[in-house]
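Chemist: Here you go, one structure.
The values are calculated or read from the model by the stated rules, or taken from the named source; none is laboratory data. Worth saying up front: this structure is predicted, and the values here are computed from it rather than measured. When we count neighbours, we look across all protein chains shown, and the Cβ atoms used for this are built from the backbone with ideal geometry, even at glycine.
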Amino acid sequence: MDLRVSYDLLIHGGTVALPSGLTRADVAITDGRIEAIGDLSTAAAAEKVNARNLHVLPGIIDSQCHFREPGLTHKEDLGSGSASAALGGVTTFFEMPNTQPSTTTAEALAWKVRRAKETSWADFAFYAGACTENADSLGELESLEGCCGVKVFLGSSTGSLLVDDPAVLARVLRSSRKRVACHSELEARLQERKPLAQKVHDHPVWRDEECAVASTRALLEQARAAGRKVHVLHVTTAGELPLLAAARDLATCEVTPQHLTLEAPDCYDRLGTLAQMNPPIRDGRHRAALWEAIRSGLIDVLGSDHAPHTREEKAKPYPQSPSGMPGVQTLLPLMLDHVHHGRLSLERLVDLTAHGPARIFGLGQKGRLEVGRDADVTLVDLKREHVITSAEQRTKVGWTPFDGLKVTGFPIGTLLRGKFVMREGVLQGKPGGRPVQVGALG
């Protein structure tokens, strides 16, 4: 029997995703922290949430988002992007530096942190963008409030950030004290093959498998020489996976739900440039290899790579059309549907979206349902059928490549530090996001 007078909130009767596995239990929350887990049926609470027939997951952590503020707020801003996150069950996001201006200075980082404190519906951290000018001082940027690490664009994508000189990358790796996250495509090969980009179906021909493999091979060689850990973002090719498997002491890696769900050429037939992203959606051989890497445990995290552009921008003739698509609100629904169809277990999904990000980024208070940790919780109904629509997307651009897709499994509640920020598809309260502390690496 629980003799405590009262908790702030009691989630009772649900199936809880603990680090040890799924179990029927109650979760008690006070002052924004998890205070008890177990049979708390006799406990009192100011509010009780009936979670019968629901699964209680650690709050989802999306470690790759582009929320476009400052400078590109016609596409997205920290308020609208984080609202999309909360509606999708995401409680913490890491945001990318290719805004205008780029997040390459202490002043730019501090501006984002201040803005997010005012407008974010989820907790947050920001990547510092690596460039020639700051390559020797990134450790100083990483020590500042709200910085989750360094982002390196080894190949050109949206924005002007680019580190394609091995000597500059070596300086970045020496300077950084947190995990260096890398967009891994070989810039020289991108430039060489650009004339091949005549129609959107050519996107994976232009940015081909070797473009990614050669870049990741060189990155791992440099990381080993520097003795620094790296995180390879949005892995898309079968050829990169053996390289990453041989470097488990050195590198972690991410895939996106888009690359696990869409497949060329069908996606380009149906969606045209709405399916255009970097690195590209590839054919079934690569998709199958990514799924095998998920099942084998090689992949560490899932990230949405939420990268919105307006329909008008995407309607430009290829390749002038920008690469990127929204994804933070659909990350969890897509992956719950894959769970429903038996492609991965719910426990594996929890590791990819909560335990894994917390582990590799050193988030001591996030990512696990344990006593003393932040009470970030995502409530899901594994049996709920839902048709994803563009109309329901909170992103400013108002579209999703998954419009009309019926999924089974859906988030119905998002709690940030013990407070509902989303309930049955409706935002609750007001923005209250805070910067998270990301651990340094040895």
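Chemist: Can you spot a residue in segment 196-219 that is of a type outside the set (V, I, T), surrounded by fewer than 19 Cβ atoms within 10 Å (Cβ to Cβ) and within 16 Å of G129 (Cα to Cα)?
Modeler: No.
Chemist: Just checking, how many residues over segment 78-93 are assigned to a helix (DSSP H, G or I) and of a type in the set (S, T, N, Q)?
Modeler: Number satisfying all stated conditions: 3.
Chemist: Tell me, which strands (runs of 3 or more DSSP E) lie completely within segment 22-77 with 3 or more residues that are free of Cβ contacts under 8 Å to residues at least 40 places away in the same chain and surrounded by fewer than 20 Cβ atoms within 10 Å (Cβ to Cβ)?
Modeler: Those strands (runs of 3 or more DSSP E) span 45-50.
Chemist: Go through (1) of a type in the set (D, E, K, R); (2) over 16 Å from the mean Cα position of the chain (by Cα); (3) over 22 Å from W121 (Cβ atoms) for R359 and report which single condition fails.
Modeler: All conditions pass for R359, except number (2).
Chemist: Let me ask you something else. Just checking, which of G14, G21 is at positive phi and either assigned by TED's automatic domain parsing to the domain that holds V380 or acidic (D, E) (or both)?
Modeler: G21
Chemist: Contact list please: Cβ distance under 8 Å, first residue in segment 318-331 and in contact (Cβ under 8 Å) with a residue 40 or more places away in the chain and closer than 13 Å to H203 by Cβ, second residue aromatic (F, W, Y) and not in a loop (DSSP other than H, G, I, E, B), pairs at least six apart or on different chains.
Modeler: P319/W206
Chemist: Please specify each residue of segment 388-416 satisfying the condition of being farther than 25 Å from V56 by Cβ and β-branched (V, I, T).
Modeler: Answer for segment 388-416, where residues must be farther than 25 Å from V56 by Cβ and β-branched (V, I, T): T389, T395, V397, T400.
Chemist: Using beta carbons and a limit of 8 Å, which pairs, at least six apart or on different chains, have the first residue in segment 219-244 and on the phi > 0 side of the Ramachandran plot and the second one part of a helix (DSSP H, G or I)?
Modeler: Pairs found: H234/H259.
Chemist: Provide a single number: the residues in segment 273-291 that are out of contact with any helix residue (DSSP H, G or I) (no Cβ under 8 Å at 6 or more places or on another chain) and more than 17 Å from P319 (Cα to Cα).
Modeler: Selection size over segment 273-291: 3.
Chemist: Here's something else I'd like to know. Can you tell me which residue among R359, R311, R295, R270 is touching a Phe, Trp or Tyr at 6+ places or on another chain (Cβ under 8 Å), surrounded by fewer than 22 Cβ atoms within 10 Å (Cβ to Cβ) and of a type outside the set (A, V, I, L, M)?
Modeler: Answer to the check: R311.
Chemist: Follow-up question, since we're still on this one. For segment 159-175: of the residues being in a loop (DSSP other than H, G, I, E, B) and out of contact with any Gly (no Cβ under 6 Å at 6 or more places or on another chain), which is surrounded by the most Cβ atoms within 10 Å (Cβ to Cβ)?
Modeler: Checking each candidate, the answer is V163.
Chemist: So, one more: Which of the following residues is touching a residue at least 60 places away in the same chain (Cβ under 8 Å) and of a type in the set (D, E): D249, D266, D305?
Modeler: Working: D249 fails: touching a residue at least 60 places away in the same chain (Cβ under 8 Å); D266 fails: touching a residue at least 60 places away in the same chain (Cβ under 8 Å).
Matching residue, one of D249, D266, D305: D305.
Chemist: Take segment 143-158 and flag every residue that is surrounded by 20 or more Cβ atoms within 10 Å (Cβ to Cβ) and modelled with pLDDT of 95 or more.
Modeler: Listed by number, the residues that qualify are G146, C147, C148, G149, V150, K151, V152, F153, L154.
Chemist: When you look at P411, is it within 30 Å of N50 (Cα to Cα) and of a type outside the set (K, R), yes or no?
Modeler: Values: within 30 Å of N50 (Cα to Cα): yes; of a type outside the set (K, R): yes.
Against the criterion (within 30 Å of N50 (Cα to Cα) and of a type outside the set (K, R)), P411 qualifies.
Chemist: Now for a separate question. Is it true that P435 is touching a residue at least 60 places away in the same chain (Cβ under 8 Å), assigned by TED's automatic domain parsing to the domain that holds P308 and either touching a Cys at 6+ places or on another chain (Cβ under 9 Å) or over 16 Å from V16 (Cα atoms) (or both)?
Modeler: no
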